[in-house]
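Please treat every number below as a calculation from the coordinates, not as lab data. Everything numeric here is computed off the predicted structure, so don't read it as measured data. Here the Cβ positions follow ideal geometry from the backbone for every residue, glycine too, while neighbour counts run over all protein chains shown.
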Amino acid sequence: MTSIITRRRFNFGAAAAAATTPLLGHSASAQAPVGIGFIYVGPVGDHGWTWTHDQGRKALEAHFGSKIKTSFLENVAEGPDAARAIRQLAQAGNQIIFTTSFGFMNPTIQVAKQFPKLKFEHATGYQRTENVATYNARFYEGRAVIGTIAGHMSKSGQAGYIASFPIPEVVMGINAFTLAARKVNPNFKTKVIWASTWYDPAKEADAAKALIDQGADMITQHTDSAAALQAAEQRGVFAFGQASDMSSFAPKAHLSAIVDDWSGYYIKRVQEVIDDKWKSGDVWGGIKDGFVKLAPYNAAVTPAARAAADAVKDGIVSGKLHPFTGELKDQKGVVRVKAGETAPDEVLAKMDWYIDGVQA
Amino acid sequence: MSDTILVSIIMTLVAASTPILLAALGELVVEKSGVLNLGVEGMMLTGAVAGFAVSLTTGSLALGLVAAVLAGIATAMVFAVLTLSLTANQVATGLALTIFGIGASSLIGAGFVGRTITRLGPIFPAALSEHPGLRAIFGHDIVVYLSLALVAGVSWFLRSTRPGLILRAVGENDASAHAIGYPVIAIRYGAIAFGGALAGLGGAYFSLALTPMWADRLTAGRGWIALALVVFAAWKPGRLLLGAYLFGAVMTFELQAKAAGISWLAPEVLAMAPYLATIAVLTMMSLGRKTGRLDAPACLGKPFSAS
């Protein structure tokens with residue numbers, strides 16, 4: 001349910017501010033500021049996925065000051081039309097462009113061919129070229145931590161999961177959450193609703209209500225708004241925030257949140273552009289690398305759940321624990337990860353099967 | 001399906017239908033006067049952000065609702081001045097109004113992202129509004145009952161009152177209405193203001209009742225559904241009520257079916273259901289008609305200038 005109109009707004013304010021600073025006696029580095037472009041799938045005001053990328057952009061401005069000039073286009077629809085938006089930023093003189101949604105993959109590759117001197121960074125994709133790098137966060141590590149909390153805290157043994165689209169990224173999250181919860185409670189079940197959208201607050205809230213009606217007392221999501229948390233708060237069940245700390249929306253229900261932090265990566269890559277050392281590559285950072293963080297636990301989280309969640313987190317950071325350690329079977333009984341082995345990244349990146357306990 | 005789930009479904013269904021019903025009812029009156037305002041989504045968004053901003057700063061939901069109505073009217077007036085006084089193209093202006101509403105609401109709302117308020121609660125005492133069974137009837141907030149009263153009011157106004165007859169005359173034949181001395185432009189200004197008021201109220205239902213927060217594009221395209229619903233209802237308020245609740249029901253059952261694990265249908269098919277239903281009903285309605293105009297007001301979308 002998206003409107004047929006997409007809004008394209010240039011961040012003229014930032015551009016103008018950067019352009020005027022040299023007039024104020026800044027002459028030590030006579031170089032023109034490095035242009036950095038961002039393509040967002042949602043609005044910067046979503047307080048979710050796009051918001052966290054925009055926080056990364058703001059961190060760049062705070063770190064580099066007048067050495068850079070950032071601009072962004074928000075609410076860019078995924079698919080072929082995105083090429084137009086990416087090209088617009090490429091022609092505007094940016095040297096590196098971050099395209100921050102999976103559906104921008106093909107348009108990014110296409111535009112990158114036409115601008116071989118520019119650098120492109122595509123979030124959550126798998127296609128790379130000389131001038132297109134990919135980056136992603138191991139959100140499944142955060143999901144394993146909150147799954148552990150859900151396993152300890154759920155009375156009904158059922159969680160509701162509001163998912164967007166059945167792409168590997170989302171499937172991986174559902175499995176990681178359910179696996180962690182089933183380590184605590186072997187009968188744990190995760191009921192999934194496919195909302196078929198990344199952002200529709202009213203629908204996300206109604207989906208949460210439907211899941212609560214069907215017995216779920218833990219709500220988690222892979223959509224972008226805080227509406228589901230508000231529904232959980234209203235109905236008196238627990239929930240987890242997505243992408244950013246959403247506790248202000250649901251002070252009682254919000255047990256923790258998986259927080260995305262892109263600022264470290266953005267600063268590192270832009271520094272490489274400035275030093276002319278940028279190379280294409282693939283980075284998949286997790287809790288250890290600071291890409292994924294967990295919001296402070298709610299006071300309602302029991303000491304046992306807290307300790308178990310911290311143990312999972314510490315295990316992931318030290319490398320002793322991998323959320324996808326075998327033996328893992330899909331729902332047809334086919335062994336996907338052998339006993340004692342951990343799923344390699346290639347298997348994770350193509351995940352299209354569910355473990356037992358997932359009702360999708 | 002247990003009774004509590006049934007009651008819960010009804011509550012969700014009514015809440016999901018109400019904002020669409022309000023916005024569509026306003027648009028129905030606008031279209032009955034011969035004006036097509038495609039800016040419903042934009043007016044809903046300015047109403048939503050104004051309602052939230054005022055409720056948050058004053059602490060009063062009532063003031064928030066009033067502000068939403070005023071913001072909806074103010075946005076609608078931009079459209080009215082352009083299309084009525086300056087005879088701009090209604091379709092293009094309406095689309096522009098939506099884009100304007102999205103941008104303006106985002107600008108105004110930038111400082112309110114991440115905040116929340118206490119949502120609009122039921123108006124009846126807890127004995128009724130929290131009663132396990134009667135909750136389905138008495139558990140709603142004031143806007144729900146107001147929307148139902150407005151349907152009855154608009155229906156009566158258009159069918160049985162003289163001003164209603166004049167409004168319809170203006171929409172059916174603006175030149176004749178003008179010739180016998182009715183102020184066509186003034187009447188259309190009034191209708192557009194009413195449409196803006198209800199769209200603003202419908203938008204505020206999101207930010208004050210359904211999801212008490214502000215986030216960009218909070219209404220997520222419901223304004224377009226409201227527009228389609230007016231055609232679906234063949235410009236009749238009674239059918240509009242039916243259509244809005246049918247749409248709310250399909251949306252709610254879709255989610256309940258998924259939560260209950262009914263998986264014989266692909267989720268994509270379930271997500272299409274409300275829209276398939278709309279197309280099916282529209283097709284059925286136009287079958288057996290020769291004109292294909294579906295009872296649309298004859299002057300719908302035509303510019304008028306008194307000569």
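Could you please state, rounded to a whole Å, how far the C-alpha centre of the range B:68-87 is from the C-alpha centre of the range B:181-236?
Taking the Cα centre of each part, the range B:68-87 and the range B:181-236 sit 12 Å apart.
For A:Met246, what is the net charge nearby, where nearby means another residue's Cβ is under 13 Å from its Cβ and Lys, Arg count +1, Asp, Glu -1?
Cβ neighbours under 13 Å give a net charge of -4.
Mind pulling the per residue volume of the convex hull built on the Cα atoms of chain A? Å³ is fine.
143 Å³
Calculate one ³J(HN,Hα) per residue across the range A:187-199 by plugging θ = phi - 60° into the Karplus curve 6.51 cos²θ - 1.76 cosθ + 1.60, and present them in order as whole Hz with x for glycine and proline.
Along the range A:187-199, the couplings run 9, 4, 10, 10, 9, 10, 10, 8, 7, 6, 7, 8, 8 Hz.
Averaged across the residues of B:228-240, what count of C-beta atoms belonging to other chains lies within 10 Å of each residue's C-beta?
The per-residue average across the peptide is 0.
Amide H neighbours of A:Val283 under 5 Å, counting only residues 5+ apart in sequence or on other chains, H built in-plane at 1.01 Å?
Amide H neighbours of A:Val283, under 5 Å, 5+ apart: A:Thr134, A:Tyr135, A:Asn136.
Using a 10 Å cut-off on Cβ to Cβ distances, tally the other chain neighbours for every residue of A:192-198 and report the average as a whole number.
5
Among A:Lys69/A:Lys268; A:Lys288/A:Lys320; A:Lys155/A:Lys191; A:Lys279/A:Lys320; B:Lys32/B:Lys302, which pairs are too far apart, with a Cα-Cα distance over 19 Å?
Beyond 19 Å between Cα atoms: A:Lys279/A:Lys320.
Which order do A:Arg57, B:Arg162, B:Arg239 fall in if you start with the one that has the fewest other Cβ atoms within 10 Å?
Arranged by neighbour count, lowest to highest, A:Arg57, B:Arg162, B:Arg239 become B:Arg162, B:Arg239, A:Arg57.
Could you please rank A:Lys209, A:Lys191, placing first whichever residue has the fewest other Cβ atoms within 10 Å of its Cβ?
A:Lys191, A:Lys209
Going 7 Å from the Cα of B:Ser85 in the Cα-to-Cβ direction, what parts of the range B:59-73 have a backbone nitrogen less than 16 Å from that spot?
B:73
Farthest toward the dipole's positive end in the protein assembly as shown, which of B:Met285, B:Ile180, A:Tyr354, given Cβ charges of +1 (Lys, Arg) and -1 (Asp, Glu) about the Cα centre?
Working it through, the farthest residue towards the positive pole turns out to be B:Ile180.
Amide H of B:Gly301: which non-local residues (sequence gap of 5 or more, or other chain) have their own amide H closer than 5 Å, using H built in the peptide plane?
B:Val35, B:Leu36
Cα centroid distance between the range B:1-25 and the range A:225-283, in Å?
The two parts, judged by their Cα centres, are 32 Å apart.
Taking amide H atoms as placed 1.01 Å from N in the peptide plane, list the residues 5 or more away in sequence, or in a different chain, whose amide H sits under 5 Å from that of A:Val34.
Hits under the 5 Å cutoff: A:Ile68, A:Lys69.
Rounded to the nearest 5, what % of DSSP beta bridges with both residues in the protein assembly as shown are antiparallel?
Around 20 percent of the beta bridges assigned by DSSP in the protein assembly as shown are antiparallel ones.
Where the only charges are on Cβ atoms (+1 Lys, Arg; -1 Asp, Glu), what is the dipole of the protein assembly as shown about its Cα centre, to the nearest 20 debye?
Using only the charged Cβ atoms, the result is roughly 600 debye.
Where does each of A:His63, A:His222 land when they are ranked from fewest to most other beta-carbon atoms within 10 angstrom?
Placing the least packed residue first, the sequence is A:His63, A:His222.
Once you place label points 7 Å from the Cα toward the Cβ at B:Ala266 and A:Lys288, how far apart are they in nm?
Once both label points are built, they end up 3.9 nm from each other.
Cα extents of the range B:3-286 along the three principal axes, largest first, in whole Å?
60, 47, 38
Rg/Rh for the range A:252-360: what does it come to with C-alpha atoms and Rh from Kirkwood?
Result: Rg/Rh = 1.05.
Taking K and R as +1 and D and E as -1, what net charge do the other residues with C-beta under 13 Å from the C-beta of B:Ile192 add up to?
With Lys, Arg at +1 and Asp, Glu at -1, the net is 0.
Per residue of the range A:68-76, in order, report the coupling 6.51 cos²θ - 1.76 cosθ + 1.60 (Karplus, θ = phi - 60°) as ³J(HN,Hα) in whole Hz, putting x for Gly and Pro.
Per residue, the Karplus-derived 3J(HN,Hα) values read 10, 9, 9, 8, 8, 10, 10, 6, 8 Hz.
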